[in-house]
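Just so it is clear, none of the values below were taken in a lab; they were calculated from the coordinates. The model shown is predicted, which means the values in this text are computed figures rather than measured ones. A quick note on method: Cβ atoms are made from the backbone with ideal geometry, for glycine too, and the neighbour counts reach across all protein chains shown.
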Amino acid sequence: MTSRFIVGNWKMHKTVSESETLVREILTAYCAHPSVEVAIAPSFVALQSVAALLRGTSIHLAAQTVYQEDEGAFTGEISPPMLKAVGCRYIIIGHSERRHILGETNQDVNLKIKATLRNQLQPIVCVGERLEEREAGLTTQVIHTQLQEGLTGIPIQDLGKITVAYEPVWAIGTGKAATVEQATEVHGEIRRFLHRQFGIDSQTQRILYGGSVSMENANALFESPEINGALIGKACLNAESFGKIILLASQ
Ligand code: 13P
């Protein structure tokens, strides 16, 4: 069994000084546990100061997105080498807010994953269906396409470095998490698809659930052997709830 992985996606929240305060609070509330890996993804501008506070702790630094080129005339973008130099280990790629608000395509996701791996960083690749797609019975098809197009052309030895996060769009920020049964079913489907299409080891592939994970529902989600951890939005902006979810993941 793979160790559980808890990732806090701070999205567009917290100034630099607010980020520093939250990290200090998290470090106070949090107990390191060998069976749980933890990462936090603050905004780009806070990465450097958060990295300084995390140094010497077991919490890893993650970025919320990346550009697919290593450098060049791409105004406003941030490259993998920049994120690596500031201390990131993980990069969240293809979050639904980037897909649906900022127009990222599966092809963009594919280029970003390749750039991330090329720079020895580890992608956390988000997939998930919208409500109308679920209601039309298209969940599996949507996720297969996101994975197929997102992972195309990536060498097998690199595919093992990818964490997948299943985040149904209808569950994000709504307080209406997927049920354990719904998440378990889709995670199993993702696992089988990755094995069938790409030869990825089903036992070691890490698949996180994201979408309204809270202190209240985390325990039930973690009871499913298909759910290897969580990608957390709202509940990670509070040190107590983030710490509690980490604790639940350790049990
Ligand atoms: P919430 O936990 O706020 O629903 O956000 C989930 C998410 O999008 C994490 O990436």
Read phi for every residue in segment 241-249 and hand back ³J(HN,Hα) as whole Hz from Karplus 6.51 cos²θ - 1.76 cosθ + 1.60, θ = phi - 60°, with x for Gly and Pro.
6, 5, x, 5, 5, 4, 4, 4, 5
Based on the alpha-carbon gyration tensor of segment 1-83 and its eigenvalue square roots a ≥ b ≥ c, which shape applies: rounded if a/c is under 1.5, prolate if not and a/b is larger than b/c, or oblate?
oblate
Counting other Cβ atoms within 10 Å of each Cβ, which trypsin sites (Lys or Arg not before Pro) in segment 1-58 have at most 10 and sit in a DSSP loop?
R55
Would you mind ranking R98, R196 by Cβ crowding within 10 Å, fewest neighbours first?
R196, R98
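Quote the relative contact order of segment 113-251 in percent (integer), defining contacts as alpha-carbon pairs under 8 Å separated by 6+ residues.
Numbers: 200 pairs, mean separation 30.9, N = 139.
The normalised contact order for segment 113-251 reaches 22 percent.
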Distance from segment 58-97 to segment 188-230 (C-alpha centre basis), Å
24 Å
At 0.36 nm per residue, minus the direct Cα-Cα distance, what do E216 and Q157 gain on full extension? Give it in nm, one decimal, please.
17.5 nm
Efficiency of FRET from Cβ geometry, K234 and E132, R₀ 25 Å, rounded to 0.05
0.60
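Going down the list K84/K161; K84/K176; K112/K244; K114/K244; K114/K176; K11/K176, which pairs span over 27 Å between their C-alpha atoms?
Working: K84/K161 16 Å; K84/K176 35 Å; K112/K244 32 Å; K114/K244 34 Å; K114/K176 33 Å; K11/K176 19 Å.
Where the Cα-Cα span goes over 27 Å, the pairs concerned are K84/K176; K112/K244; K114/K244; K114/K176.
So, with +1 on the Cβ of K and R and -1 on the Cβ of D and E, and no other charges, what is the size of the charge dipole of the chain about its Cα centre, to the nearest 20 debye? Show your work: numbers first, answer last.
On the way: 22 positive and 26 negative charges, 96 e Å.
In total the dipole reaches around 460 debye.
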Whose amide H sits under 5 Å from the amide H of A39, counting only residues 5 or more places off or on another chain, with H placed in the peptide plane?
I6, V7, G8, H60
Work out how much length T174 to T21 would gain on full extension: take 0.36 nm times their residue separation and subtract the Cα-Cα distance, in nm to one decimal.
52.5 nm
